[in-house]
Amino acid sequence: MKGNRKSPSAAPLPYPQTPTSANEWFIRHGVCKTHWARDMGLDRMVVVDLLRGRLKGLRGHAHEAAVALGLKADPKAA
């Protein structure tokens, strides 16, 4: 991750999401994916690649971004 959360308004998307529903969430709420990723401390391209289906979010930064996008359940919450 590139840093800590900077904005209190930046929050993870509700779980469960699909890449399509996550994209629709950004459109419906008028949130820029780049700004959201930066505020969440995530790499913009990892977020974009997860939403395009290029990454599965199995390990590392991709896993952290997938949890924040609601594509995967948070293992810490279980």
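Read-outs: derived from the displayed coordinates by stated rules, not from any lab. Just so it is clear, the model here is predicted, and its values are computed rather than measured. Please note: Cβ atoms are built from the backbone with ideal geometry, for glycine as well, and neighbour counts cover all protein chains shown.
Filtering the stretch 49-61 to residues that are without any contact (Cβ under 8 Å) to a residue 24 or more places away in the chain and either in contact with a Lys or Arg (Cβ under 7 Å, 6 or more places away or on another chain) or surrounded by fewer than 16 Cβ atoms within 10 Å (Cβ to Cβ) (or both) leaves Arg54, Lys56, Gly57, Leu58, Arg59, Gly60. Among the residues of the stretch 62-78, those identified as more than 14 Å from Pro16 (Cβ to Cβ), buried (at least 16 other Cβ atoms within 10 Å of the Cβ) and not acidic (Asp, Glu) are Ala62, His63, Ala65.
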